[in-house]
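The structure appears below as structure tokens.
The values are calculated or read from the model by the stated rules, or taken from the named source; none is laboratory data. These numbers were taken from a predicted model, which means no experiment stands behind them. Using ideal geometry, Cβ is built from the backbone for each residue, glycine included, and neighbour counts are taken over all protein chains shown.
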Amino acid sequence: IKWTEGRGWHDAQLVPYAPLSLDPANMTLHYAQTIFEGLKAYRQPDGTVATFRPEANARRFQASARRLAMPELPVETFIEACDVLVRQDRAWVPSEGETSLYLRPFMFATEVGLGVRPANEYLFLVIASPAGAYFSGGVKPVSVWLSEEYVRAAPGGTGAAKAGGNYAASLVAQAQAIEHGCDQVVWLDAIERRWIEEMGGMNLYFVYGDGSAGSPRRIVTPELSGSLLPGITRDSLLTIAADLGYEVSEARISVDDWRRGNQDGSLTEVFACGTAAVITPVGSVKSTRADWVVADGEPGEVTMRLRAALLDIQLGLTPDPHKWMHPLGA
Ligand code: PMP
């Protein structure tokens with residue numbers, strides 16, 4: 001779907017997957033006005049297909065567009081575009097275990113010109129790709145590298161938007177994580193390098209207490225600081241955890257809180273969540289100052305319970321009390 005200044009959205013098309021041709025002076029290549037989303041379509045037990053919370057993705061896409069001075073796509077148009085593609089590609093929606101069809105809606109400037117200002121032409125597209133189970137052979141905890149040198153986003157920046165530039169800013173730190181033998185980066189706040197923000201492509205959750213009489217369970221996720229991405233999985237888990245009777249809250253969590261909670265045993269589980277892996281346990285942490293293993297390094301009970309509860313909704317194995325699934329028929 002195209003957008004042109006003075007004309008708005010026009011010329012929606014469903015076409016076979018093919019390369020795009022770009023002018024060398026395409027403004028996106030120089031000034032990075034590009035935003036995207038990620039969501040999944042799941043095969044349901046009766047053979048039909050449903051997407052998970054497309055409206056939430058549509059709203060976040062609008063928020064990203066506002067931050068990047070791009071036009072907002074109406075929520076209904078975003079959902080309709082995803083629906084049309086999933087219906088066309090329904091044979092590609094897998095049906096084994098935790099598999100799905102991953103959808104990637106995105107928008108970028110198509111105007112040709114040099115000069116920094118919002119473009120006056122854009123293209124919105126959705127592409128799709130079948131996604132296998134994130135974990136083959138059981139859920140494995142990830143190891144994380146605390147990035148103290150580089151930050152992904154700063155207050156007033158684009159961190160809360162799903163903008164391409166945020167990911168460009170993260171690549172050097174991700175390479176450092178790999179060099180240190182870790183799977184993923186954990187980002188800290190830009191000002192104090194003290195507050196936990198999020199992981200490369202996932203939000204984080206911390207579980208305190210072991211559920212015994214003197215040690216009730218408490219689940220905490222870093223509050224939306226303005227520079228971390230408001231994940232839709234994060235948002236869904238705030239609701240699911242409360243539904244399951246856990247005390248759950250959003251708060252600031254520092255690196256020292258994490259280390260201390262680990263040392264005194266009050267912190268019992270840490271996990272990351274996002275569309276791609278749903279929920280991933282965090283097993284160990286490395287930084288320039290200290291390394292530690294999270295609890296016993298194994299996937300925790302709350303982590304696995306929340307993971308199953310969310311996947312059961314997505315795979316249609318349990319009632320969907322919050323009407324999160326968007327059915328698309330057979
Ligand atoms: N943080 C970042 C930086 C991400 O790229 C993602 C993936 N979209 C997330 C968090 C998790 O968001 P969601 O649950 O909406 O996939």
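Checking each residue in the stretch 159-173 for being surrounded by 20 or more Cβ atoms within 10 Å (Cβ to Cβ) and either in the same structural domain as Gly38 (by TED's automatic domain parsing) or away from the ligand (no atom under 11 Å from the Cβ) (or both) picks out only Ala173. Just a yes or no: is a residue in the stretch 117-131 loosely packed, with under 15 Cβ neighbours inside 10 Å and farther than 27 Å from His326 by Cα? Within the stretch 117-131, one or more residues are loosely packed, with under 15 Cβ neighbours inside 10 Å and farther than 27 Å from His326 by Cα.
Among the residues of the stretch 174-181, is there at least one that is among the acidic types (Asp, Glu), surrounded by fewer than 22 Cβ atoms within 10 Å (Cβ to Cβ) and under 23 Å from Gly297 (Cα atoms)? Yes, because at least one residue in the stretch 174-181 is among the acidic types (Asp, Glu), surrounded by fewer than 22 Cβ atoms within 10 Å (Cβ to Cβ) and under 23 Å from Gly297 (Cα atoms). Filtering the stretch 237-254 to residues that are touching a strand residue (DSSP E or B) at 6+ places or on another chain (Cβ under 8 Å) and of a type outside the set (A, V, I, L, M, F, W, C) leaves Tyr246, Glu247, Ser249, Glu250, Arg252, Ser254. So, Ser136, is that one in contact with a strand residue (DSSP E or B) (Cβ under 7 Å, 6 or more places away or on another chain) and of a type outside the set (A, V, I, L, M) or not? The answer is no for Ser136.
Take the conditions (1) over 26 Å from Arg59 (Cα atoms); (2) more than 16 Å from the ligand (Cβ to nearest atom); (3) outside any helix (DSSP H, G or I); Val185 misses just one of them, which is (2). If you go through the stretch 116-144 and keep only what is outside any strand (DSSP E or B) and under 30 Å from Cys82 (Cα atoms), you end up with Arg117, Pro118, Ala119, Asn120, Gly132, Ala133, Tyr134, Phe135, Ser136, Val139.
Thr268 meets each of the listed conditions (1) surrounded by 19 or more Cβ atoms within 10 Å (Cβ to Cβ); (2) within 16 Å of the ligand (Cβ to nearest atom) apart from (2). Evaluated against (1) surrounded by fewer than 15 Cβ atoms within 10 Å (Cβ to Cβ); (2) out of contact with any Asp or Glu (no Cβ under 9 Å at 6 or more places or on another chain); (3) of a type in the set (Lys, Arg), Arg259 falls short on exactly one condition, (1). For the stretch 83-101, the criterion of being surrounded by 18 or more Cβ atoms within 10 Å (Cβ to Cβ), at negative phi and of a type in the set (Phe, Trp, Tyr) is met by none of the residues. Could you tell me which residue of the stretch 33-64 is farthest from the chain's Cα centre (by Cα), considering only residues that are within 16 Å of the ligand (Cβ to nearest atom) and under 21 Å from Leu114 (Cα atoms)? Residue satisfying both the conditions and the ranking: Thr34. In the set Ile178, Ile191, Ile219, only one residue is hydrophobic (A, V, I, L, M, F, W, C) and touching a residue at least 40 places away in the same chain (Cβ under 8 Å); that residue is Ile219.
Of the strands (runs of 3 or more DSSP E) entirely within the stretch 201-288, those holding at least 3 residues that are of a type in the set (Phe, Trp, Tyr) and not assigned by TED's automatic domain parsing to the domain that holds Glu55 occupy 203-208. Selection of the stretch 278-302 for residues being farther than 20 Å from Ser100 by Cβ, crowded, with 16+ Cβ neighbours inside 10 Å and of a type outside the set (D, E, K, R) yields Pro281, Val282, Gly283, Ser284, Val285, Ser287, Val294, Ala295, Pro299, Gly300, Val302. Considering the conditions (1) surrounded by 12 or more Cβ atoms within 10 Å (Cβ to Cβ); (2) among the hydroxyl-bearing types (Ser, Thr, Tyr); (3) free of Cβ contacts under 8 Å to residues at least 12 places away in the same chain, Ser21 is excluded by exactly one of them, (1). All conditions in (1) in contact with a Phe, Trp or Tyr (Cβ under 8 Å, 6 or more places away or on another chain); (2) surrounded by fewer than 20 Cβ atoms within 10 Å (Cβ to Cβ); (3) β-branched (Val, Ile, Thr) hold for Val185, with the sole exception of (2). Restricted to the stretch 193-225, and to residues that are farther than 24 Å from Ser284 by Cβ and at pLDDT 95 or above, which residue is nearest to the ligand (Cβ to nearest atom)? Selected residue: Leu224.
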